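Input: a single structure, listed below in structure tokens.
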Amino acid sequence: MYAQMVETGVERVQVVAEMAPDERAFQARIDADIKIEPKDAMPDAYRRTLVRQIQQHAHSEIVGMLPEGNWITRAPSLSRKAILMAKVQDEAGHGLYLYCAAETLGVSRDRMIADLHAGKVKYSSIFNYPTLTWADIGTIGWLVDGAAIMNQIPLCRCSYGPYARAMIRICKEESFHQRQGFDIMMALCRGSAEQKAMAQDALNRWWWPSLMMFGPPDAQSVHSAQSARWKIKLLSNDELRQRFVDQTVPQAEYLGLRVPDDRLAWNEASGHYDFGEIDWSEFHEVLKGHGPCNRDRMRMRIKAWEEGAWVREAAAAYAEKRANAPRPGPLPAMRGEGDRRAAPVG
Ligand code: BYC
């Protein structure tokens, strides 16, 4: 039911001597930091790698609306509700920019959505966990958007122009999202003992899945070496994960919360936090479709897609009507316009 490995045609990273002249010229452009644009020649495997990654990213934004959308009707105040609605709407916009970026590589949005619904492509593992309390909404903003920013800031400099440009706007919005999450956590942690316990419980459940968002360890990451060579990936999965831990632990301390990892400790020599072993079997189970919410998320996505068919049809009919409408002639001159122009100044 769920994709295991999307075939991109890369078995191992080629050395320059093995490359055909056009591949060598392409790699030289990448090495010189010249952006690749949609109409430029590119190796098929580069195109397929981008389609794979960008559509997985787009699907994550859209599926990510579900766990948060679940809380719009239950937000604790009108202001929190308005903020959450705006955030969920932003995620839809991010999906839109990313689908558009993927479309520049010659794949249609309908194809990508059909592949998502058929379980042929992935979306982020993180969205297969449930949002049980309001503190989960705070934790998603703080940790999940925090991890997303950490991963996506380097993507603003990636080699493919449309993806890099989409990421600039997305990152600006994600940083607001991260702050709104932290703001919810601050309110809970400064509140009653019950509210603080709710915040701690949410951190306990979201901490490890957030670390898994960065993907498998470098040694097991099948796509990393080639993606780094093509400057699609500028930092490795493990480097980004470490940066996330280093940034987030002091934030948890500020909130007065405990990160659920007995092996977490500041390492003076490395200048980083050491942290415990991630349960990669859980990650692989979620990727295989056996996470707590995989089935529910897909069911809701397909339902939303089917129930939204009339909106897409109406939008397409309206666009066609506008395209075929006779063009209006020039506006008639306003009465007195000529007189005014002719009038002496002063
Ligand atoms: N979940 O060789 P690897 C967000 C897959 S949040 C599911 O390291 P790669 C948001 C990987 O696709 C997140 N699958 O792959 C935040 C590959 O399988 P396939 C979305 C995962 O691509 C708040 C296999 O494991 N962000 O946007 O070099 C609210 C081997 O991995 C995961 C992005 O997508 C995972 N966590 O590196 C709303 C950012 N990790 O494809 C939304 C862009 C790995 O061969 N993406 N896999 O079947 C990336 O930066 C990279 O694709 C990754 C993985 C770092 C995620």
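Some notes on this structure:
- K122, K87, reordered so the largest accessible area comes first (probe 1.4 Å): K122, K87
- For the pair D262 and N204 in one chain, pulling the backbone fully straight at 0.36 nm per residue adds 19.7 nm over the alpha carbon distance.
- Largest to smallest in accessible area, the residues E37, E313 fall in the order E313, E37 (1.4 Å probe, all protein chains included).
- All-pairs Cα distance distribution in the range 163-284, expressed in whole percent, bin size 10 Å: 11, 35, 36, 16, 2, 0
- Solvent accessible area, Å² - R301, 1.4 Å probe, full protein context: 40
- Computed extension length for E194-A319: 39.8 nm, one decimal, from 0.36 nm per residue of separation with the Cα-Cα distance subtracted.
- Based on DSSP H segments of at least four residues, each scored -39500 (n - 2.57), the chain has a per-residue ellipticity at 222 nm of -18500 deg cm²/dmol.
- For the chain, relative contact order (Cα pairs under 8 Å, six or more residues apart, normalised by length) works out to 19 percent.
- Calculated SAXS-style log₁₀ I(q)/I(0) at q = 0.07, 0.10, 0.12, 0.14 Å⁻¹ - the chain, Debye, Cα scatterers: -0.37, -0.68, -0.92, -1.20
- According to the Kirkwood relation over distinct C-alpha pairs, the hydrodynamic radius of the range 157-216 is 13.9 Å.
- For the range 83-181, the convex hull drawn through the C-alpha positions has a volume of 106 cubic angstrom per residue.
- Packing-based order for 175-182, 216-223, 268-275, 146-153, using average beta carbon neighbours within 10 Å, highest first: 146-153, 175-182, 216-223, 268-275
- For R312, solvent-accessible area (1.4 Å; no DNA, RNA or ligand), Å²: 90
- When each of K120/K288; K87/K172; K122/K288; K39/K233 is checked by Cα-Cα distance, pairs over 19 Å: K39/K233
- Each Cα pair of the range 218-324 feeds into the Kirkwood radius, which the Stokes-Einstein equation turns, at 10 °C and 1.306 mPa s, into a diffusion coefficient of 85 µm²/s.
- Per residue accessible area of the range 15-117, 1.4 Å probe, in Å²: 47
- Element breakdown for the range 157-315 at a 1.4 angstrom probe: carbon and sulfur atoms account for 55% of the accessible area.
- Considering only alpha-carbon pairs that sit under 8 angstrom and 6 or more positions apart, the relative contact order computed for the range 127-203 is 42 percent.
- Summed over the residues of the range 196-283 and divided among them, the accessible surface reaches 47 Å² per residue at a probe radius of 1.4 Å.
- Remark: accessible surface ordering of T49, T73 (largest first) is T73, T49, probe radius 1.4 Å.
- The range 88-138, accessible surface, carbon-and-sulfur percent (1.4 angstrom probe): 58
- Among G215, G308, G256, the largest mean-square fluctuation in a Gaussian network model of the chain, built with springs joining Cα atoms closer than 10 Å, belongs to G308.
- Annotation for the range 11-38 versus the range 224-296: alpha-carbon center distance of 31 Å.
The values are calculated or read from the model by the stated rules, or taken from the named source; none is laboratory data. Please read these numbers as outputs of a predicted model, since none were measured by experiment. All Cβ positions, glycine included, derive from the backbone under ideal geometry; neighbour counts span all protein chains shown. These area figures cover heavy atoms from the full protein model, side chains too; ligands, DNA and RNA do not enter into them. Shrake-Rupley method; radii C 1.70, N 1.55, O 1.52, S 1.80 Å.
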